[in-house]
Each structure stands twice: as C-alpha cells, then as structure tokens.
Amino acid sequence: MDNHTYNYPSDCTPLTSCKSARKPAGSTVVNMGTAGKKPPSDYLVWSLCNTLYVNFCCLGFMALIYSIKARDQKTQGNLQLAQECSDKAKWYNILAAGWNLLVPLLVVVLLVLLLVHLGTSQGSFDFFGEDGFQSFMKLFSR
C-alpha cells in the first residue's frame, strides 16, 4: 500500500502518538556557534606537496601530521586546538618550502661557479672554447 491511502489527522504524523493536543507555536533557537569567525585552514594540499618533494629533515611530514590534526579538530568542533595545529602546519610548510627552494638554487649556483672556475683557471681545459669537448675527452683518455 502506498502512503496516500492513509489518512492522518493534521496534528499527527506517523510513528508518533496522536493523544496529545496540538501545541502552540513557539520560537526556535538555533545555535550557530561562531557564525562570524572563519574556521582555520588546514594547509593539507601544501603539506602533501612538501612531503612528496625534497622533504628535508622531514619538515613536510611534520606539516602533514599537523594538517591532519587541524582537520580532525575542526571537524570535532574544537576550533582553538584546530587553530594551534593549523599555525604549526603553516610554519612547518614555510620551512619545508624554503628548503625545497633553497637546495636546488644552491646546486645551480655551485654548478655555475664550478663551470666558470674550470673555464678560467690555468692548466684546465677550455670548457667554453672551440676545443672544449676535445680537451675534456683528453682528461679521460690517459
């Protein structure tokens, strides 16, 4: 049978008792918590990127741990602890991103300095000249 064949009184709904009289309408209060305050960010995507890339001294992994903690606390409604974990995740991400940018930059600078030194020093092969490759190969042919 479908629900349209049953006739319920207007003040009665299924699975409730209809013995009570209709209650007068009152006001309903809905507690929204911190309605004007934005919940803290968890920086989870940034932490994942820092964890998968260079990850110097496990800084990206620490950021990932605090990001997950911040997300868990935010879903549980503990915004104060979520904010603390979010701040820690942010700083670990900043440190990890700094190292992730600094290490390749230092490698490039050292490589350029090495090439410049090899091209200008006495007794070395002429790396930038016309016979640079032949001079380079002579080093390994002895």
Practice item. Among the residues of the stretch 66-80, write down those that are surrounded by 14 or more Cβ atoms within 10 Å (Cβ to Cβ) and touching a residue at least 12 places away in the same chain (Cβ under 8 Å). Key: 66, 67, 68, 69, 70, 71, 73, 74, 79
Revision key, fill the gap. For the stretch 52-64 the number of residues that are touching a residue at least 24 places away in the same chain (Cβ under 8 Å) and surrounded by fewer than 21 Cβ atoms within 10 Å (Cβ to Cβ) is 5
Check your understanding: Can we say residue 118 is out of contact with any Cys (no Cβ under 9 Å at 6 or more places or on another chain), more than 14 Å from residue 47 (Cα to Cα), open to solvent by 60 Å² or more (accessible area, probe 1.4 Å) and not charged (D, E, K, R)?
Key -> no
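The values are calculated or read from the model by the stated rules, or taken from the named source; none is laboratory data. A quick note: this is a predicted structure, and the numbers were derived from the prediction, not measured. For neighbour counting, all protein chains shown are included, and Cβ atoms are generated from backbone atoms with ideal geometry for every residue, glycine included. Just the protein is used for accessible areas: all its heavy atoms, side chains included, with ligands, DNA and RNA removed. Shrake-Rupley method; radii C 1.70, N 1.55, O 1.52, S 1.80 Å.
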